[in-house]
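Notes follow once the structure below has been shown.
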């Protein structure tokens, strides 16, 4: 009787096998070759653990010299590789610089090897050859055959625990390598210290501290084994002075505790009879005690198969926001993009709420979940706005995590790039203010005063790149900063978001101060050429100046041609500075159609010809909003054409399918918004600029329970233009929609055609937000 | 009116200035030259902080080669030196190996120098010349003039805070060097990581992690400044890859956060007008948050002068156990010895009870104070018994700290040498069991079952030096361990303490097993020569064997001549093995009178001719109980002679006044017991073996409120023999007293004479405890 009840309950919880579920569309292999920098391994939505195979360990730095192809290994994996070094537990998704690869495990049989060996001589080390024929990757699950050993490896994960199942070849005793030296973007000296304790024959604990991109990264672990260790040992590849100096007993074999800089350990198991070994590796940034808590809470008593099913279910429920019509490739691309928006940011606290703060102290998260991995120069643009739309509770917690970061910061700054409780200062601007403002503008976050305080503090740190001068002169001067022009543009936009928030908080003095700062973009505009151009402290513009050159011209990851459009908060003001609407449209057109000579990108690892649409570089973020800028002009229909063109060119269901680093979901969020037909050009407003739907039909299940259906019957590469639009039956002629309009749900019906409707959206009222709206068209 | 009240209250609290207080007798300079390894700086009783000048920084190890004279700098200070490098916050008192010297501050004027410079070229670095004429050292206070700068430096301390007062020369602006690289027994790579935050212009926080004798030592700090920093900066002497790699702002000047391996920072102050700067440096092993708590709780709102007075009062009340008659030199030696018994062990937890455990996790001390620095091979002998007698509550907490250590140990072992939450495995045996047994025997500790569990676990760790073989064969074989004979002797005694505790706990099976193990000393006795001698696994003794040689003969820090007497728990059994009483007495006599050829100690840094009494080496602990062994013979009066001889030879009120390393109070506790006239030959019994009082009159204020008065009118080097003794008027003829007898207090009156009373103490009943008592004299 009892069994029957359970069976029925299980059936009710899972869909029939023949129905496709969201996870079935996801292809984690997309972007795993070349510059996508995604990884194929197992993780759960926003989890701390990303358990994935590393196919190489090219050090980032050898004798102080940068190693160029280390860059390819930002996520530890290149599809073209033929060997797997092992399975490590932390990976960044699609970043443009990297770190992590913590706590590597590798199962093996035969001779114990404590070095990974080289890719071209795999037999030298513990790494193994593999083929993609044996590889299977779905959300929360990864499987591969390690050919050198005949070991089947299966991986799954919970939020804080990586779970391994190894099936050893019949009749052979297996062993496990635990390499505490291995890491992504490694270099000699990156590992500051490691500790390992064999608590008993099925439990290991330990930690390592690294000095990587995360300057001081504490990774504690607890490893539970399904079978007892028979024998074990380790080698410390760098002798330390004190490791039991006075002792005359052998500490390298069956001695249950070791600390050192370069510890690689091995553990033997009796697998000749029963060939399966399950290994659960819990992480914590707090302590081994925290790791044990995480281990017990998330995996206690559960088998690999149960945990793999739970991970799959977890992804299914998190991904379950959309129903779309499309080709299999379109569905794969869509759901994989959705998947990629939910890997980072990552939960960064123990199950009991304890987490390591920016001050390296242990804090208790009260009333929120603490997150890390905020690649904000990228993600403020579309990733966080996307989360505001479909995961507002998570984004609210992310905002709260950022505010705590500011409160723990000795600089009083919100994160620039938060990585495992560290600030790595990567890229420019202080764009966390945009994330806070956007969440406030959309009602996702309500502690406006606390947020505003953090925003003001962040934007007034004098020693932060050029800010003292920016506050004095109204721009960052080129004699003080190599990114003078782009930083000025970025600060001006960021300041506008503070202005918006101050208005919301009713702090009019603050608002007025930041309204003025928001207009600072004007100070780096050379109206004589109609482009942004860096100035010196004395007010003069840089003389020799190449608007197509990214390096040495006062910009970062974007030339003046692209960056000059970076005034999302005051597009009309920018049009004015560029020489009026006609010139502006001409420049936009030219951006997408020009031929960019190779010399402008040949030294940039990120940019290849395939990443380009004319001079528009989709792989670098500063231009992500640019195709939508036509909305402010008399030719808004051009957005519809160029966005579809970019979607087709830059996103493919392929190992090389991403037109640049995914950047922690930013590229994917751009894709998802653009497929839906709208994009948050200016986060901090409640407006999304309209493009056109990419698919004939899309249903969005909103977090408030409403459903928005977006229909575009017959849409295609030919029929890419919006003839007309009705929202819930009523004609809609504006070039933007508000957040509230989306949340109301209902049906949006786009009538598509192969030629543009050049009369839509031309009135002032149809145009999206601009700080100086009305000035131009008065 | 109010002022008057305060004045009266103050007068009531402090003694008139003309009365000598205990602290006035203490001379912290004793033992600061040569091999005493004591330090002259400021600390409080059992405090975490020992703030003291370091006069050199000779690295322990250069390119893997041991640096011989590093050994002299175990406490960071040699009296003969002429320069001071700076003032660091942690020091070991009298150890025979070393570490620490954490968080060095040095005030200076003029050019900023970030290297210490060499002793023979002090101008090269920030160090300064000084003379002892300007030096003043009393308990809790140290003062010196830094001649190179004209800066007066004054130091005091609380338990967890080092307090500095610097008076800069008039009209000059001063600066402060914070050297996070500096350390005692340093070597390149010892500092694993450092972090520094300038929280505001009067508060710094940070930490460093070192790999020293304490394998992984976390020292967090919070530094409060009485005057605002004008400007600051740092140099990281070893480039690290990521320190804000992406940033183009100057992080080396006025940038409030830095991490690195070799950070030296400087801070400028405006002292031209007001010349005093007070600096409070709080330590914590938990976190910077913990350090700030410690800072506020212990020093909040208090001036240097107030804290210096509090430190003095603290010492006065802790030292206030004795009133003695004696010469000024005798009083200095006595009170300084007392002082030295109260420096280590040290409190190792924050004011809120949080502490870092042996598992590197943070624990909460519930109902006890957590201590570290247990130099147990030394201190089980007399230091802990001394604390049982005069500081039982502290010793009970130390025992509790050891039990927690065992519970946090992956080995399930009580500490061998506990150093800042680390086990450094220094020296042999597992003598913590003796400390537990002694505290239990004397009623200081009552959780006997918990203690016994920890003791049994400790003594059965098979991989601990030779224990597996010891348990199998009854001795540690020489083919397995270089200290086979001495370890066997030590384990046998230790096992006897477990036997005693098991009896107390009523666990008769355990008691019987350990009674047998306690007799294992017999297995390394070669009765054909009457000395302990190592055996091989096959049972044969080592063939070529030199009873005077310390190295290579199966012993450690003691030759067979000395170590053969190491059967404190079964002296009568030992006498039997040595060939009977007559031979035994002859051997004892010979030990104290022989000429030890120089070749036996010329390579031992610790031993010089001055340390020797015949072949007896007082500087190394294994023989400390030996002069008292006459009590088991028919010539107990010889103890009275030799103990006085050793007291006179080995303890002098002088920079070279200690006849060996003080060893965390062990040498001092030996002195204090011996001066009182009794000594705990066999900790774990409640008995003390009687010698003779050293001084004509001594009053001991017992912790239970009773007073014990020990009178020996006319005692002198001539009148050194006990003619008769009365306890509270009743004649007493035993050669031992019990703990309870002491605790009762009253008056002990020794009648001294210049010739021994050879009839006293000859009965079996007069003899102290022996495991096989009665066997010999039946």
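Read-outs throughout are calculated quantities, based only on the coordinates presented, and are distinct from any laboratory measurement. Please read all numbers here as calculations on a predicted model, not as lab measurements. FYI the Cβ positions are ideal-geometry reconstructions off the backbone, even for glycines, and counts take in every protein chain you see.
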Of B:685-697, B:200-212, B:169-181, A:725-737, ordering from highest average Cβ density within 10 Å down gives B:685-697, B:200-212, B:169-181, A:725-737
How far apart, in nm, are two points set 7 Å out from the Cα along the Cα-to-Cβ line at residue A:237 and at residue A:747?
-> 6.3 nm
Per-residue average of Cβ from other chains inside 10 Å of A:233-240 | 1
In vacuo Debye scattering of the stretch A:290-389, one point per C-alpha: log10 I(q)/I(0) at q = 0.12, 0.15, 0.16 Å⁻¹?
-> -0.58, -0.87, -0.96
Cα-based helix-to-principal-axis angle, B:328-340 vs chain B, degrees rounded to 10 = 80 degrees
Take the Cα gyration tensor of chain A, multiply each eigenvalue by 5, square-root it, and list the three semi-axes largest first, rounded to whole angstrom.
-> 46, 30, 24
Measuring from a point 7 Å out along Cα→Cβ, what nm distances, shortest first, does residue A:463 have to its partners in the other copies?
-> 4.7
So, in nm and shortest first, the distances from residue A:172 to its counterparts in the other copies, with label points 7 Å along Cα→Cβ, work out as 7.3
Work out the FRET efficiency for residue A:545 and residue A:702 from their Cβ-Cβ distance, taking R0 = 41 Å, and round it to the nearest 0.05.
-> 0.30
Please work out the Cα center distance from the stretch A:485-551 to the stretch B:59-89, rounded to the nearest Å.
-> 57 Å
Where a ≥ b ≥ c are root eigenvalues of the Cα gyration tensor, a/c under 1.5 meaning rounded, otherwise prolate if a/b exceeds b/c and oblate otherwise, the stretch A:47-315 counts as rounded
If you take the Cα Rg of the stretch A:715-778 and divide it by 2.2 N^0.38 Å, with N the number of residues, what do you get?
-> 1.28
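Report the antiparallel proportion of the DSSP beta bridges in the protein assembly as shown as a percent, rounded to a multiple of 5.
The antiparallel fraction comes to roughly 95 percent.
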Relative contact order for chain B: what is it in percent, counting Cα pairs under 8 Å that are at least 6 residues apart?
-> 11 percent
For the protein assembly as shown, report the translational diffusion coefficient in µm²/s to the nearest whole number, using Stokes-Einstein at 4 °C, 1.567 mPa s, and a Kirkwood Rh over Cα pairs.
-> 36 µm²/s
Per the axis that maps chain B onto chain A, nearest residue of B (Cβ criterion) and its distance in Å = B:192, 3
On a 0 to 90 degree scale, rounded to 10, what angle separates helix B:2-13 from the longest Cα axis of chain B?
-> 30 degrees
Debye sum, Cα scatterers, the stretch B:206-358, no solvent: what log₁₀ I/I(0) at q = 0.17, 0.19 1/Å?
-> -1.20, -1.29
Give the angle, between 0 and 90 degrees and rounded to the nearest 10, that separates the Cα long axis of helix B:508-518 from the longest principal axis of the Cα atoms of chain B.
-> 90 degrees
In deg cm²/dmol, rounded to 500, what helix-only [θ] at 222 nm does chain A give when every DSSP H run of at least 4 residues adds -39500 (n - 2.57) and the total is split over its residues?
-> -8000 deg cm²/dmol
7 Å along Cα→Cβ, label-point gaps from residue B:450 to other copies, nm, shortest first | 3.9
Between residue B:536 and residue A:648, with labels modelled 7 Å along Cα→Cβ, what's the label distance in nm to one decimal, could you check?
-> 8.8 nm
Could you work out how far apart the two model spin labels at residue A:460 and residue B:599 are, taking each label as a point 7 Å from the Cα in the direction of the beta carbon, and quote it in nm?
-> 8.1 nm
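Taking a quarter of the surface of the Cα convex hull of the stretch A:467-599, what do you get in nm²?
Computed as one quarter of the Cα hull surface, the answer is 8.4 nm².
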Chain A - share of DSSP beta bridges that are antiparallel (%, nearest 5) = 95 percent
